[in-house]
Amino acid sequence: MEQARQLVETITKGIQEKKGQGIVVADLSGIDGTICHYFVICQGNSPSQVEAITESVSDFARKDLGEKPAHVVGLENAQWVAMDYTDVLVHIFLPDVREYYDLEHLWDDAQLTHIPDLD
């Protein structure tokens, strides 16, 4: 579990490096039947920023922890990219797509941590 928390911190740094906004960490570890321990959700303002955030997250996780995602989907149109690190799923959205799917509230009993945007 400590390794998953370290991965969440590293992923957050990768998002912040490319000015990703609205970072929310959903802790699903206490909920039965979930597919992972954490969701990390954020947004970029354009498809190119979503791609840049995805690349930055991948670089930070690989360099800092030697982690690579098992799967990355959504880069074709870069409206919603999902990165699967097994215990941590990263969701990088365009703002309107994020609002539509509202993943933060998919599990009502998940503990949500809002990470302040960097200036």
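The values are calculated or read from the model by the stated rules, or taken from the named source; none is laboratory data. Source: prediction; values computed, not measured. Glycine gets a Cβ as well: all are built from the backbone with ideal geometry, and neighbour counts include every protein chain shown. Remember, those area values only see protein heavy atoms, side chains included, never the ligands or the DNA or RNA. Shrake-Rupley method; radii C 1.70, N 1.55, O 1.52, S 1.80 Å.
Test of understanding: among ILE53, ILE11, ILE41, which residue is under 19 Å from LEU75 (Cα atoms) and in contact with a His (Cβ under 7 Å, 6 or more places away or on another chain)?
ILE41
Please go through (1) modelled with pLDDT of 95 or more; (2) open to solvent by 20 Å² or more (accessible area, probe 1.4 Å) for TYR85 and return the number of the only condition it doesn't satisfy.
Single failed check for TYR85: (2).
What do you reckon, is ALA4 under 14 Å from the mean Cα position of the chain (by Cα), modelled with pLDDT of 95 or more and not β-branched (Val, Ile, Thr)?
The answer is no for ALA4.
Which pairs turn up if I take residues in region 62-78 that are farther than 17 Å from THR12 by Cα and open to solvent by less than 90 Å² (accessible area, probe 1.4 Å) and look for partners that are in a loop (DSSP other than H, G, I, E, B) and not basic (Lys, Arg) with beta carbon separation below 6 Å, at least 6 apart in sequence or on another chain?
ALA70/THR86
Residue-wise test of (1) at pLDDT 95 or above; (2) outside any strand (DSSP E or B); (3) under 25 Å from ARG5 (Cβ atoms).
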| position | (1), (2), (3) |
| --- | --- |
| GLU67 | yes, yes, yes |
| VAL72 | yes, no, yes |
| VAL90 | yes, no, yes |
| ASP96 | yes, yes, no |
| GLU99 | yes, yes, no |
| ASP108 | no, yes, yes |
